[in-house]
1. Take GLU57 and decide whether it is more than 21 Å from MET1 (Cβ to Cβ), assigned to a helix (DSSP H, G or I) and of a type outside the set (Phe, Trp, Tyr).
2. Within the group ILE110, ILE119, which residue is touching a residue at least 24 places away in the same chain (Cβ under 8 Å), surrounded by fewer than 20 Cβ atoms within 10 Å (Cβ to Cβ) and within 14 Å of the chain's Cα centre (by Cα)?
3. Among (1) touching a Lys or Arg at 6+ places or on another chain (Cβ under 6 Å); (2) part of a strand (DSSP E or B), which single condition is HIS28 missing?
4. When only residues in segment 122-162 that are surrounded by 19 or more Cβ atoms within 10 Å (Cβ to Cβ) and of a type in the set (A, V, I, L, M) count, which is nearest to ILE99 (Cα to Cα)?
5. Any idea which of (1) over 17 Å from the mean Cα position of the chain (by Cα); (2) closer than 16 Å to GLY25 by Cα; (3) among the hydroxyl-bearing types (Ser, Thr, Tyr) is the one SER62 doesn't satisfy?
6. In segment 1-47, what residues are surrounded by fewer than 18 Cβ atoms within 10 Å (Cβ to Cβ) and small (Gly, Ala, Ser)?
7. Does ALA60 qualify as being surrounded by fewer than 17 Cβ atoms within 10 Å (Cβ to Cβ) and either touching a residue at least 24 places away in the same chain (Cβ under 8 Å) or β-branched (Val, Ile, Thr) (or both)?
Amino acid sequence: MNYHNITKDDMLNGDGLRVVLWVAGCTHHCHNCQNPITWDVTGGLPFDENAEAELFEALAKSHIDGITFSGGDPLHPFNREEVFRLIKKIRTELPQKTIWLYTGFLWEEIRDIPEIADIDVVLEGKFVEELLDNNLHWVGSSNQRVINVKETLKSGNIVLHE
């Protein structure tokens, strides 16, 4: 897996202060995407031991509420194995941290992936410029949903994060 950046003390990509891992690779190619530089799966830098150490050092700080996976698309087939490995490691080593994940895939396309249950909030759907809504929290267009994964899996119905 490649990545473009690790953002620390981020307040724009989820509840509270977060660390954001910006992965490379996206096939959705949304028109006027905010981050088209991340589309190329071979772009950025290899996510190696040093990057992982930097990520966990930033995430372990007491003032950090959690991590957000973004990009690109963390659920691009090329990224899934590494992203889910990191999520498992976070759940084990830092269980108090929340995990958010942005993806262009719809909930209906990813809900049966077993590892999805380890994520707290999934922000799903492609960005659609015609549905741009600057009043929304955490997403850019009104077709995108901010899903509370635990409650959604428990109830069987989509429960939006508030």
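The values are calculated or read from the model by the stated rules, or taken from the named source; none is laboratory data. No experiment lies behind these values; they were computed from the predicted model shown. Cβ: placed from backbone, ideal geometry, glycine included. Neighbour counts: every protein chain shown.
1. Working: more than 21 Å from MET1 (Cβ to Cβ): no; assigned to a helix (DSSP H, G or I): yes; of a type outside the set (Phe, Trp, Tyr): yes.
Considered against the rule, which asks whether it is more than 21 Å from MET1 (Cβ to Cβ), assigned to a helix (DSSP H, G or I) and of a type outside the set (Phe, Trp, Tyr), GLU57 comes out as no.
2. Numbers: ILE119 fails: surrounded by fewer than 20 Cβ atoms within 10 Å (Cβ to Cβ).
Unique residue meeting the criteria: ILE110.
3. Going through the list (1) touching a Lys or Arg at 6+ places or on another chain (Cβ under 6 Å); (2) part of a strand (DSSP E or B), HIS28 breaks only (2).
4. Filtering segment 122-162 for residues that are surrounded by 19 or more Cβ atoms within 10 Å (Cβ to Cβ) and of a type in the set (A, V, I, L, M), the one nearest to ILE99 (Cα to Cα) comes out as VAL122.
5. (2)
6. Answer for segment 1-47, where residues must be surrounded by fewer than 18 Cβ atoms within 10 Å (Cβ to Cβ) and small (Gly, Ala, Ser): GLY16, GLY43.
7. Yes.
For (1) within 21 Å of HIS76 (Cβ to Cβ); (2) among the polar types (S, T, N, Q); (3) in contact with a Cys (Cβ under 6 Å, 6 or more places away or on another chain), each residue gets a yes or a no:
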position	(1), (2), (3)
THR103	yes, yes, no
ALA117	yes, no, no
TRP138	yes, no, no
ARG145	yes, no, no
THR152	no, yes, no
